[in-house]
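Everything below concerns the one structure shown next.
The values are calculated or read from the model by the stated rules, or taken from the named source; none is laboratory data. Predicted model only: the values in this text are computed from it and were never measured. Neighbour counts run over all protein chains shown; Cβ positions are idealised from the backbone, glycine included. For the accessible areas, the whole protein counts, side chains as well, though only heavy atoms, and no ligand, DNA or RNA atoms are used. Shrake-Rupley method; radii C 1.70, N 1.55, O 1.52, S 1.80 Å.
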Amino acid sequence: MASISLSNVHKFYPNGYAAVRDVSLDIKDGEFMILLGPSGCGKSTTLRMIAGLETISKGDLHIGGARMNDIDPADRDVAIVFQNYALYPHMTVIDNLSFGLRLRGVGRAVIDQRVANIADMLGIGELLSRKPAQLSGGQRQRVALGRALVREPKAFLLDEPLSNLDAKLRSAMRTELIKLHRTLGTTIVHVTHDQVEAMTMGERICIMKDGVIVQVGAPMEVYRNPVNTFVAGFLASPPMNLLRSRLSAQSLSLGDTVLALPPALGQAFAAHAEREVIAGMRPEDFHLKADAAASTAPVKVHAVTTEVLGPEVILVATVSGEQGAEIHIRCPRDFRAKPGEIVIFHYDVSQLQLFDPETTYALKRPVQI
Amino acid sequence: MLKKWLLAAALATGLSGPAFAETVNILMEGVPDTEYVKTLLPEFTKETGIEVNLEVVNYAEMHTKLVPQLVAPKGSYSAIVVDFYWVGEFTKAGWLQPLDERIKADNFDTSVYVPKLMDLVGRVDGTTYMLPFYNYAMGLLYRKDLLADEKNKTDFKAKYGFDLDVPKTWDEYLKQVEFFTKDGINGVVNQGLRPDPIAMEWSNYLFANGGEYHDANWKATLNTEAGVKAVEQYATNVNKYGPIGSASFSFDEAFNVMAQGKAYSYITYNFFRAGIDDASKSAVVGKVEIMPVPGTEAGKGGSLNGAWGWAIPKSSPNADAAWKFLKWVESPAIAKKRALQGGSPTRTDVFDDAEVNAKYPYAKALKEMLLTSHNFPVFTYTPQLVEVLGRELSLAVAGEKKPAEALAAIETEMTELAKKDGKLK
Amino acid sequence: MTLAADDRRLNDLPRAEQTAVERRDRMFGWLIASPSLGLLFLVILFPVFWALYTSVHDYTLIAPNFDTFNGIDNYTKALGDPEFRHTLWLTAFFVAAVVLLEFALGFLVALMLNSVERFKAIYYAILLCPLLMNPVIVGLIWRMFLHPSLGIVNYLLSLVGIDPVNWLGSTKVALWTIVMVDIWHQVSFMIVLLLAGLSALPREPYEAARVDGASALRSFWHITVPLMLPVIAVTLLIRLIFAVKTYDLVYIMTRGGPGVATDLVSYFIYRTAFVGLNIGEASAMSAILLAVIMGLTVWLHRYMRSLT
């Protein structure tokens, strides 16, 4: 087990393209770290640099305190699980599992023991003599995982391992990976573009965009305090509503709605008064009933459509007087609204986030619990 | 505008003219004599109004192109040229028109042809099917400058006890081959490639030793003293006195060695003689002469005969026009013109012509060569016999068979082929 | 294979169980396949059957007719002919040498080219040059190059002090010379096919192996070779079939000589047919050759399948 530390790491390609720029990240020993971002953000490249499959153009990589830039992937003692599993297609499951150990000259008895353990742990004992082509996607996923586990490496590097699975399997595997991490306690770096995976699995999330790190933090911390509109719009589904609005001394104008700000917030944002801002409002912070304790303010919206999901209903609507932007609102499961119908919601103003429209970064505000 | 119309009219009349004229189509091999004939064709068209269209291809394609046209009731070739290899096959299959009646009607004189050539590519069993076109009898190319060298003369005399001169007999020649293999020069260069080069060249060795392929009844006479000697001498020449690799040489490669001045002698087709004096191909211009392959004694030749004949196939679409062409191309005047360009004549009157002799002093030697030459067996399976000879002789040269064994094998297969063809009872 | 199996299942259904739509689909299938099937019949099946029919008759170019049925006479005569048997063995040796050497060399070059990133197109173009040449031209060029006293090869050898080699005139060297020229001519075929196979291999197993700790050599043995087996099998098979048919090189360079050192079976069959004029026996020989090649193909195919 080991910590992984990236300091000012860059990746340049021969054509001059910088895939990763100045990435510094400390992953603690035994931590479950998520690298999250849209495709092309450099998260996989970063992972592959940790694995040693890509060279590091600039900066340093330490694993367990030792500099690893020039160490062969085989000698970094990390295991990687690929998105499409990368099983050896011509080998049986048992050979796939034991190949790495055999290459390392591990004794027969030890190999058999470890393979048996892993097969047992992952429930693939029945499949040992099959070839990858004879396995289902979920089974392949397990074998790929098993191949990494059986090596007992210092760290696991997972490159979107769940993205080829169907939704149900994916959710099951998420739970399993979390349990596995709890059992083994090994450092895991998990690359994904799926914010649900990021939120549910990671101890910390590192959000990347265009080759640089945007924000690092625990899931709820990132969720509550996105550093910019990108993070705000990326996490959660439906994501935070981002609306152009105008900030006054003690209120915020959204279309023809004026939200009175609680004094604490008003003071916090005082420096930005009388200017255009982007208001960040989570869909779940709109309530059908006013709640004095939570300092709610009424917002009039025009229903556009509803998405009935079962446990809840997502209302797509426009704010009265601000026809341009649609917002999403989480409603109870029995909520219904006809298109064009006017609904009054009560927004929990204490949860309001404001962003600078020029820099897209969040305006300073008191930290919420 | 008017100009354009005039031009179009002129083109139209110009193009339509030949379309109504008769055309004689002939398939020919791309050899010098074909080129010479080509240059003379306008004269024929001027005289007769008949166009001649020569389709010139290489040897390997000829047989495959000819057969379908010969088998068809009406083929596309008015006249053809026939290698002596195919004479047996073509006449046996009945593909050629007898020419005797036409010859008689037009009083065409065939007595001027070298008799051996008439036997080879003229008459078959008393019927005339072809007019001999050009000959490719084989002769001995030798370096006259080496023979004239005084030091060579003295050395040779000291070693062999007789004078170094143009060889009068085969044995004298073999001694010269041995003698001249020195100073980076080979006494002889051979063409040992299967099947035709080796079979044709070796035939000279057989005849030079006084041997023949078969007797009057087609009984094979190869496994004889003369035959064995011929194989032994041939193998010795290739392996001991010849340049490395001559066991796989074809005509052109062997000729190159001779033309580069690396060999004293080379037995080859007489049409290569002209090339020796072509400075673009030869480093020994003026130093080489041709003579009949010497025989067992002075006056007896060992040369192998070879020739092509003009013929009119039964499938000819316009036999009369074809005959007109044959008559013209083999007329004394045209035959002489071809010879003057460097062609290989078949008519004695052309060989005796003063102008020809003045231009080509070796014409006399060529005539002598033809007169003393020997014919290869002509029957349906001539190509197959060449194939068998090629294989067995090549094996003997490679030392994988003894001469007598190889000759016995050839005799067996030759007897079988002759029987199959009805020649041998 | 699986597709064919599925098809069969569909075809095995009794007519009544097929719906009208299925029937129409099948009719349409036959309809659009019929021109190519017809062409296939005309250019492949018909000649093959004609040859088989000819092989049991006394059919010669002198008497080109099917008047005399002679059963298996042509076959027994062919198999009883030591020359034919010699050419068969010689061809077997030649094919083995050519295919194996070209495969080894081709695989090596393909591996090298596969890791090349720049100027790949140029290498491709250079490599394809010999392949685009007519074998007759190749033979003629090499015959010139290999001329023992006037050729460039022996001249170059003489520069480094090697005695002239009797490339085509020695019974011990000639076959290897033909093998060498054939390699020069055809190795690109192997390279191109193997390279196509290599570049289609998935990248991930190699990365997994690198992390698993496999050296380049081990990756090659444990991943490249097993993954390439289907491509290798097809490449070997095609090359093998073409090698059996080698004819032009021998025709141009040695005519089967010296002695019978390079007398390959295709050239022998050609001579039997067009020099010996015996089409019947030549057809029988071709049929024997066809049987041998088909046997080899089936065996190789099965063997390769058993490995994958």
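Considering A:241, A:228, the condition of being in contact with a His (Cβ under 7 Å, 6 or more places away or on another chain) and of a type in the set (S, T, N, Q) is satisfied by A:241 alone. Screening residue B:280 on (1) surrounded by fewer than 22 Cβ atoms within 10 Å (Cβ to Cβ); (2) under 17 Å from residue C:148 (Cα atoms) shows it passes everything except condition (2). The residue pairs whose first member lies in the stretch B:409-421 and is without any contact (Cβ under 8 Å) to a residue 24 or more places away in the chain and outside the structural domain of residue B:90 (by TED's automatic domain parsing), whose second member is surrounded by 22 or more Cβ atoms within 10 Å (Cβ to Cβ) and small (Gly, Ala, Ser), and whose beta carbons are closer than 9 Å, counting only pairs six or more residues apart or on different chains, are B:412/B:220. Looking only at residues that are of a type outside the set (Gly, Ala, Ser) and farther than 30 Å from residue C:264 by Cβ in the stretch C:173-202, which one is least open to solvent (accessible area, probe 1.4 Å)? By that ranking, first place goes to C:198.
The strands (runs of 3 or more DSSP E) found wholly in the stretch B:22-91 and carrying at least 1 residues that are of a type in the set (S, T, N, Q) and either in contact (Cβ under 8 Å) with a residue 12 or more places away in the chain or within 14 Å of another protein chain (Cβ to nearest Cβ) (or both) occupy B:23-29, B:51-57.
Residues of the stretch B:361-414 being within 13 Å of chain C (Cβ to nearest Cβ), open to solvent by less than 10 Å² (accessible area, probe 1.4 Å) and in a loop (DSSP other than H, G, I, E, B), which ones? B:379, B:380, listed by residue number.
Yes or no, residue by residue, for (1) modelled with pLDDT under 90; (2) open to solvent by 60 Å² or more (accessible area, probe 1.4 Å); (3) of a type in the set (A, V, I, L, M, F, W, C):
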site	(1), (2), (3)
A:297	yes, no, yes
A:306	no, no, no
A:309	no, yes, yes
A:312	no, no, no
A:315	no, no, yes
A:318	no, no, no
A:334	no, yes, no
A:339	no, yes, no
A:342	no, yes, yes
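Of the residues making up the stretch C:57-86, those that are outside any loop (DSSP other than H, G, I, E, B), of a type in the set (D, E, K, R) and open to solvent by 40 Å² or more (accessible area, probe 1.4 Å) are C:73, C:77, C:85.
Quick one: which helices (runs of 4 or more DSSP H) sit completely within the stretch C:184-271 and have at least 2 residues that are β-branched (Val, Ile, Thr)? Talk me through it step by step, then tell me what you get.
Numbers: elements: C:204-212, C:216-219, C:225-244, C:248-253.
The helices (runs of 4 or more DSSP H) meeting that bar are C:225-244, C:248-253.
Just one of the listed residues (C:54, C:91) is touching a residue at least 24 places away in the same chain (Cβ under 8 Å), touching a helix residue (DSSP H, G or I) at 6+ places or on another chain (Cβ under 9 Å) and under 25 Å from residue B:64 (Cα atoms), namely C:54.
Would you call residue B:140 surrounded by 20 or more Cβ atoms within 10 Å (Cβ to Cβ) and not in a helix (DSSP H, G or I)?
Working: surrounded by 20 or more Cβ atoms within 10 Å (Cβ to Cβ): yes; not in a helix (DSSP H, G or I): yes.
For residue B:140, the condition - surrounded by 20 or more Cβ atoms within 10 Å (Cβ to Cβ) and not in a helix (DSSP H, G or I) - is met.
Considering (1) among the small types (Gly, Ala, Ser); (2) away from chain C (no Cβ under 14 Å); (3) assigned to a loop (DSSP other than H, G, I, E, B), the lone condition that residue B:422 does not fulfil carries the number (2).
Filtering B:299, B:261, B:286, B:306 for residues that are modelled with pLDDT under 95 and open to solvent by less than 10 Å² (accessible area, probe 1.4 Å) leaves a single hit, B:306.
For the stretch C:254-267, enumerate the residues that are at the interface with another protein chain (Cβ under 8 Å from one of its Cβ atoms) and of a type in the set (A, V, I, L, M, F, W, C). Passing the criteria: C:260, C:261. The lone criterion from (1) open to solvent by 10 Å² or more (accessible area, probe 1.4 Å); (2) at positive phi left unmet by residue B:245 is number (1). Taking (1) within 14 Å of another protein chain (Cβ to nearest Cβ); (2) under 24 Å from residue C:53 (Cβ atoms); (3) surrounded by fewer than 22 Cβ atoms within 10 Å (Cβ to Cβ) in turn, residue C:291 satisfies each apart from (1).
Here's the yes/no breakdown for (1) open to solvent by less than 20 Å² (accessible area, probe 1.4 Å); (2) more than 14 Å from chain B (Cβ to nearest Cβ); (3) out of contact with any strand residue (DSSP E or B) (no Cβ under 8 Å at 6 or more places or on another chain); (4) at pLDDT below 90:
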position: C:171; (1), (2), (3), (4): no, no, yes, yes
position: C:204; (1), (2), (3), (4): no, yes, yes, yes
position: C:230; (1), (2), (3), (4): no, yes, yes, yes
position: C:233; (1), (2), (3), (4): yes, yes, yes, yes
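The residue list A:155, A:172, A:232, A:144 contains one member that is surrounded by fewer than 23 Cβ atoms within 10 Å (Cβ to Cβ) and among the small types (Gly, Ala, Ser), which is A:172. The criterion of at least 1 residues that are among the small types (Gly, Ala, Ser) is met by the following strands (runs of 3 or more DSSP E) wholly inside the stretch A:1-64: A:4-12, A:18-27, A:58-63. Of all residues in the stretch B:249-258, those satisfying the criterion of being in contact (Cβ under 8 Å) with a residue 40 or more places away in the chain and open to solvent by 10 Å² or more (accessible area, probe 1.4 Å) are B:250, B:251, B:253.
Just so you know, in the stretch A:267-289 the residues that are over 29 Å from the mean Cα position of the chain (by Cα) and modelled with pLDDT of 85 or more include one that is most open to solvent (accessible area, probe 1.4 Å), and it is A:289. Looking across the stretch A:45-99 at every residue that is in contact with a strand residue (DSSP E or B) (Cβ under 6 Å, 6 or more places away or on another chain) and among the hydroxyl-bearing types (Ser, Thr, Tyr), the one that is surrounded by the fewest Cβ atoms within 10 Å (Cβ to Cβ) is identified as A:57.
If you filter the stretch B:197-225 down to residues that are over 17 Å from residue B:373 (Cα atoms) and touching a helix residue (DSSP H, G or I) at 6+ places or on another chain (Cβ under 7 Å), you find that the one that is most open to solvent (accessible area, probe 1.4 Å) is B:223. Only residues that are buried (at least 20 other Cβ atoms within 10 Å of the Cβ) and in a loop (DSSP other than H, G, I, E, B): list them for the stretch C:152-169, please. Result: C:166, C:167, C:168, C:169. Do we have any residue at all in the stretch A:293-309 that's over 22 Å from residue A:229 (Cβ atoms) and part of a loop (DSSP other than H, G, I, E, B)? Within the stretch A:293-309 (the criterion being over 22 Å from residue A:229 (Cβ atoms) and part of a loop (DSSP other than H, G, I, E, B)), the answer is yes, since at least one residue qualifies.
It is to be established whether one or more residues within the stretch B:83-98 are farther than 23 Å from residue B:122 by Cα, assigned by TED's automatic domain parsing to the domain that holds residue B:321 and either polar (S, T, N, Q) or at pLDDT below 90 (or both). Outline the logic, then answer.
To start, the set of residues in the stretch B:83-98 that are farther than 23 Å from residue B:122 by Cα comprises none.
Scanning the stretch B:83-98, I find no residue that is farther than 23 Å from residue B:122 by Cα, assigned by TED's automatic domain parsing to the domain that holds residue B:321 and either polar (S, T, N, Q) or at pLDDT below 90 (or both), so the answer is no.
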